[in-house]
Amino acid sequence: MSNADILFSEIRELIHGARKAVCRNVNTVQVLTHYEIGRRIVEHEQAGVERAEYGKQVLKELSQRLTNEFGRGFSKRNLELMRLFYVEKKDKFSQIAQTVSAHLPEPKGSQKEFGKLAISQKSRTLPGELADWQRLSRLFTLSWSHYVFLMGIKNSEERNFYEIETGQQDWSLRELKRQYNSGLYERLALSRDKEDIGKLAEEGQVISRPQDLLKEPYVLEFLGLDERAKYSESDLETAIIDKLEHFLLELGKGFLFEARQKRFTFDEDHFFVDLVFYNRLLRCYVLIDLKIGKLTHQDLGQMQMYVNFFDRYVKLADENSSIGIILCKKKHEALVEITLPKDANIHAKEYQLYLPSKEVLRAKLVEWAGEE
């Protein structure tokens with residue numbers, strides 16, 4: 001790479017970073033403003049006599065006046081969402097309610113500054129660390145569009161999980177919708193011990209053990225393969241490589257791609273691992289084999305051999321034991337249980353080429369949680 005290429009690359013990254021920072025700042029101001037609008041609507045309603053009817057009329061009139069002056073974005077529905085946003089967040093963010101007000105100018109006269117989402121540069125000094133705008137902005141890490149989508153998720157634990165994951169993973173709105181529609185929360189929950197399910201809503205997906213990586217089924221609808229058409233394991237592998245970024249997102253946190261058809265030789269015989277990844281959170285290799293036919297005990301034994309080889313000849317002394325995952329169309333639970341020792345780092349997990357039914361996943365979760 002020439003010096004000119006290096007300079008171009010550095011400046012390119014600088015511009016991308018600056019544009020991203022500007023977008024995040026604008027998003028934060030918008031969310032803070034909508035939170036404050038919601039607070040003022042709620043407090044105004046609470047001063048009314050007949051709250052329900054009074055509130056509806058206030059929102060209708062407020063929407064008309066704001067729309068006339070500021071244009072789109074202040075429909076009655078949007079104002080209802082701002083109100084709901086405040087109601088949902090007020091307990092969690094009660095300590096910053098006054099801080100938000102201090103950073104936003106009081107709506108005087110035409111409310112022009114307020115409508116433009118301006119921030120007063122002369123706002124009074126605030127006590128403690130919350131005076132720092134950067135600290136305040138971290139409390140609202142997502143865009144307003146993200147929060148609007150999240151407010152549509154009825155289950156509070158599921159909603160909390162997706163909010164945490166979106167912030168940690170920096171998901172776009174499109175990716176958030178995809179993860180929700182693929183039933184990520186239910187799939188992770190079904191792969192965990194019952195006592196660990198509550199942690200998903202409190203902490204998101206925390207990767208500290210090999211089991212934390214797993215979900216079922218793995219959803220590969222982004223590959224564009226027809227469930228009814230014939231395709232080979234090679235076709236499946238090629239499709240995954242072509243959509244590697246999407247596949248990494250489906251695998252989850254901390255995955256780095258290393259090789260396709262990784263060859264190793266043992267006693268003059270050549271063996272090939274379909275896909276090799278490294279998980280930086282667990283500090284271990286993750287080997288994936290793809291099976292479109294019936295899962296056999298030979299498949300499990302072969303994966304055990306792959307894992308043993310990597311543990312003995314590839315991984316470093318300070319790295320953790322390798323993990324083997326066989327992605328198959330249909331697994332045989334009894335076969336897996338009788339073939340593998342209980343402490344084996346080998347896992348057979350099903351995949352499907354279409355988005356699962358969230359209703360079916362939820363029913364499975366309820367049934368599983370109710371078992372003794």
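For region 266-372, which fully contained helices (runs of 4 or more DSSP H) count at least 2 residues that are in contact with a Leu (Cβ under 7 Å, 6 or more places away or on another chain), outside the structural domain of E157 (by TED's automatic domain parsing) and of a type outside the set (G, A, S)?
297-309, 333-339
If you take the residues of region 190-199 that are in contact with a Lys or Arg (Cβ under 9 Å, 6 or more places away or on another chain) and either surrounded by 21 or more Cβ atoms within 10 Å (Cβ to Cβ) or not basic (K, R) (or both), which of them is farthest from R362 (Cα to Cα)?
Going through the qualifying residues, I end up with S191.
I'm checking my understanding of the structure. Among residues of region 222-247 that are in a loop (DSSP other than H, G, I, E, B) and over 21 Å from Q261 (Cα atoms), which one is modelled with the highest pLDDT? Before the answer, list the steps.
First, the residues of region 222-247 that are in a loop (DSSP other than H, G, I, E, B): 224-232, 243.
If we keep only those that are over 21 Å from Q261 (Cα atoms) too, we end up with 224, 226-230.
On the way: G224: 91, D226: 83, E227: 76, R228: 72, A229: 76, K230: 84.
Restricting to residues being in a loop (DSSP other than H, G, I, E, B) and over 21 Å from Q261 (Cα atoms), the top hit is G224.
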- Query: If you go through region 257-268 one residue at a time, do you hit one that is of a type outside the set (D, E, K, R), farther than 19 Å from S321 by Cα and at pLDDT below 90?
  - Reply: yes
When region 118-167 is checked residue by residue, the ones that are surrounded by 12 or more Cβ atoms within 10 Å (Cβ to Cβ), of a type in the set (S, T, Y) and modelled with pLDDT under 50 are S120, S123
Of the listed residues (Y313, Y306, Y354), the one being at pLDDT 90 or above and buried (at least 16 other Cβ atoms within 10 Å of the Cβ) is Y306
Here the residues within region 219-232 that are surrounded by 14 or more Cβ atoms within 10 Å (Cβ to Cβ) and over 17 Å from P356 (Cβ atoms) are Y231
Condition test on D170, is it among the acidic types (D, E), closer than 25 Å to K92 by Cα and exposed (fewer than 15 other Cβ atoms within 10 Å of the Cβ)? yes
Residues in region 328-372 that are free of Cβ contacts under 8 Å to residues at least 60 places away in the same chain and aliphatic (A, V, I, L, M) total 11
Picked from region 248-258 (must be not charged (D, E, K, R) and not in a loop (DSSP other than H, G, I, E, B)), the residue farthest from C284 (Cα to Cα) is L249
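Here is a yes/no grid of residues against (1) on the phi < 0 side of the Ramachandran plot; (2) of a type in the set (V, I, T); (3) loosely packed, with under 14 Cβ neighbours inside 10 Å:
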site: R263; (1), (2), (3): yes, no, yes
site: E268; (1), (2), (3): no, no, yes
site: V276; (1), (2), (3): yes, yes, no
site: R280; (1), (2), (3): yes, no, yes
site: R283; (1), (2), (3): no, no, yes
site: D289; (1), (2), (3): yes, no, no
site: G301; (1), (2), (3): yes, no, yes
site: E319; (1), (2), (3): yes, no, no
site: E333; (1), (2), (3): yes, no, yes
Checked L282, L236 against criteria (within 17 Å of Y351 (Cα to Cα) and touching a helix residue (DSSP H, G or I) at 6+ places or on another chain (Cβ under 9 Å)); the one match is L236
The number of residues in region 308-329 that are more than 17 Å from L251 (Cβ to Cβ) and among the aliphatic types (A, V, I, L, M) is 3
Of (1) at pLDDT below 95; (2) under 25 Å from the mean Cα position of the chain (by Cα), L251 fails just (1)
Tell me, please, whether a residue that is in contact with a helix residue (DSSP H, G or I) (Cβ under 6 Å, 6 or more places away or on another chain), among the β-branched types (V, I, T) and farther than 26 Å from Y231 by Cβ can be found in region 325-334.
no
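Kindly indicate the residue of region 335-351 that is under 27 Å from the mean Cα position of the chain (by Cα) and either among the small types (G, A, S) or closer than 19 Å to S182 by Cα (or both) and also surrounded by the most Cβ atoms within 10 Å (Cβ to Cβ) among those meeting that condition.
Checked region 335-351; the qualifying residue surrounded by the most Cβ atoms within 10 Å (Cβ to Cβ) is A348.
Just checking, how many residues over region 175-210 are β-branched (V, I, T) and in a helix (DSSP H, G or I)?
Step one: of region 175-210, the residues β-branched (V, I, T) are 197, 206-207.
Narrowing the set further to residues that are in a helix (DSSP H, G or I) leaves 197.
Residues that pass the stated criteria total 1.
The values are calculated or read from the model by the stated rules, or taken from the named source; none is laboratory data. These numbers were taken from a predicted model, which means no experiment stands behind them. Using ideal geometry, Cβ is built from the backbone for each residue, glycine included, and neighbour counts are taken over all protein chains shown.
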